[in-house]
1. Evaluate the following for Ile30: is it β-branched (Val, Ile, Thr), modelled with pLDDT under 80 and closer than 23 Å to Val114 by Cβ?
2. Can you name every residue in the range 323-348 that is of a type outside the set (A, V, I, L, M, F, W, C), closer than 11 Å to Val290 by Cβ and either open to solvent by less than 50 Å² (accessible area, probe 1.4 Å) or touching a His at 6+ places or on another chain (Cβ under 8 Å) (or both)?
3. Could you grab the pairs with beta carbons closer than 9 Å, sequence gap of 6+ or different chains, first residue in the range 167-179 and closer than 12 Å to Thr216 by Cα and open to solvent by less than 80 Å² (accessible area, probe 1.4 Å), second one in a strand (DSSP E or B) and among the basic types (Lys, Arg)?
4. Answer with yes or no whether Ser64 is open to solvent by 50 Å² or more (accessible area, probe 1.4 Å), modelled with pLDDT under 80 and either in contact with a helix residue (DSSP H, G or I) (Cβ under 9 Å, 6 or more places away or on another chain) or not aromatic (Phe, Trp, Tyr) (or both).
5. Of everything in the range 97-131 that's in a loop (DSSP other than H, G, I, E, B) and free of Cβ contacts under 8 Å to residues at least 24 places away in the same chain, which residue is farthest from Ile8 (Cα to Cα)?
6. Within the range 134-148, which residues are open to solvent by less than 30 Å² (accessible area, probe 1.4 Å) and in contact with a Lys or Arg (Cβ under 8 Å, 6 or more places away or on another chain)?
7. Tell me, which residue of the range 156-166 that is part of a helix (DSSP H, G or I) and in contact (Cβ under 8 Å) with a residue 24 or more places away in the chain is nearest to Cys87 (Cα to Cα)?
8. When the residues of the range 362-380 are filtered to those that are part of a loop (DSSP other than H, G, I, E, B) and among the small types (Gly, Ala, Ser), which remaining residue is most open to solvent (accessible area, probe 1.4 Å)?
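The values are calculated or read from the model by the stated rules, or taken from the named source; none is laboratory data. Everything numeric here is computed off the predicted structure, so don't read it as measured data. Neighbour counts are summed over all protein chains in view; Cβ atoms, including those assigned to glycine, are modelled from backbone coordinates with ideal geometry. Side chains included, ligands, DNA and RNA excluded: accessible areas come from the protein's heavy atoms. Shrake-Rupley method; radii C 1.70, N 1.55, O 1.52, S 1.80 Å.
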Amino acid sequence: MPKPVLAIVGRPNVGKSTIFNRIVGERIAIVEDKPGVTRDRIYSSGEWLQHEFYIIDTGGIEISDEPLLEQMRYQAELAIEEADVICFTVNGREGLTAADEEVVQILHRSKKPVVVAVNKMDDPSMHEKLYEFYSLGIGDVFPVSGSHGLGLGDLLDQIASYFPADEEDPYDEDTIRMSLIGRPNVGKSSLVNAILGEERVIVSNIPGTTRDAIDTPFTKDDQDYVVIDTAGMRKRGKVYESTEKYSVLRALKAIERSDVVLAVINAEEGIIEQDKKIAGYAHEAGRAIVIVVNKWDAVEKDDKTMKEFEEKIRDEFQYLDYAPVIFLSAKTKRRIQHLLPAVKEVSESHNMRVKTHVLNDVIVDAVTMNPTPTDHGGRRLRINYATQVSVAPPTFVLFVNDPDLLHFSYRRYLENKIRAAFGFAGTPIHIIARKKSD
């Protein structure tokens, strides 16, 4: 089940980013005492009392040429669209303002659970100012200090109580769950239609026209699949176009439910920074990945075009050097027959197990060919034993004399040797160093 989502909503300069950073535990959002200083829509993961969740700081959702109140309204509506629980943040020192009440009107209509964080309440003598916020009638009210971390435990207790209960996975373990991620207008909906062989999804050339995220099960060559469609842009198209990065959160939810992620690129437009960011989420989540270059029919090409385009992908997506690249056209269905075999192959890699004695033979050979590194004091990394501890993604533990001696470059070398021996096409693999107990 996807992690629940907490959105922090409120007018500028009430301390949303400070609270965000406190909950996340690191300084991710820019914090400065100027309204609107959170320049980007920031999201991260949080954890509280065994609850893992996404947390989004809406301060960076800026819609150009819109008045501040209109921007805030958009931000709140976008947060409501995505969130399971909303933390409405206000400035306790300043009291309730007209701008706060604008946001409250939207929250009232949302029917989503709301918790009110009255921030900047560093001194208990200020708590008498809480009463005016109770009059809002939209949720429980908690005095907090984001800058000092006061009151956040009680706030998070209440937030966690509103998270939805876990649901059972509706699909059996042999079903390959795949999602399509990518920027608006790369052709995700058309590709779903091409895979399914029928017009199941609304298709339009306007970004953000898919109305909802729909799971679509199907069977091909005795293999069960389910397509988890990620677009799901239900609100104003213009808002989502102006805040393209906001759609990432929905992609994250779909990635979590997927075994295989199809990272879709528009061949006409080429690769842009947003493509790399979106594919990076799937890589970081440890999912199997196929890079799909769609709209290949619209590209003028010769016998070198495909090779040159793939080289560019390899250069731009260096962290995805293990992912196969499929060129196709969802519109004409040219080369579409190559897609599901690639999906099945990377899914099998994602769940592959290697016998321990065979793995250790590969590690011994790798060390023989390229001895382990030493630190500045001359201490050498010693690998005593290796074993695979899990799949999806394949994860290997090396028992060593000192985990700090396993440098990134040697870890990468070992990964390449494991891939050369066993394949693992389309899946990240994780290598963990642990100190061998005496």
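1. Against the criterion (β-branched (Val, Ile, Thr), modelled with pLDDT under 80 and closer than 23 Å to Val114 by Cβ), Ile30 does not qualify.
2. Within the range 323-348, Pro324, Ser347 qualify.
3. From the range 167-179, the pairs are Tyr171/Arg177.
4. On the way: open to solvent by 50 Å² or more (accessible area, probe 1.4 Å): yes; modelled with pLDDT under 80: yes; either in contact with a helix residue (DSSP H, G or I) (Cβ under 9 Å, 6 or more places away or on another chain) or not aromatic (Phe, Trp, Tyr) (or both): yes.
The answer is yes for Ser64.
5. Going residue by residue through the range 97-131, those that are in a loop (DSSP other than H, G, I, E, B) are 97, 111-113, 120-123.
When the remaining residues are screened for being free of Cβ contacts under 8 Å to residues at least 24 places away in the same chain, the result is 111, 123.
Details: Lys111: 16, Asp123: 23 Å.
Taking the candidates together, the pick is Asp123.
6. Ser145, Gly146
7. Within the range 156-166, the match that is nearest to Cys87 (Cα to Cα) is Ile159.
8. First, pick out the residues of the range 362-380 that are part of a loop (DSSP other than H, G, I, E, B): 370-373, 375-379.
Cutting the leftovers down to among the small types (Gly, Ala, Ser) gives us 377-378.
Numbers: Gly377: 73, Gly378: 52 Å².
Per the stated criteria, the residue is Gly377.
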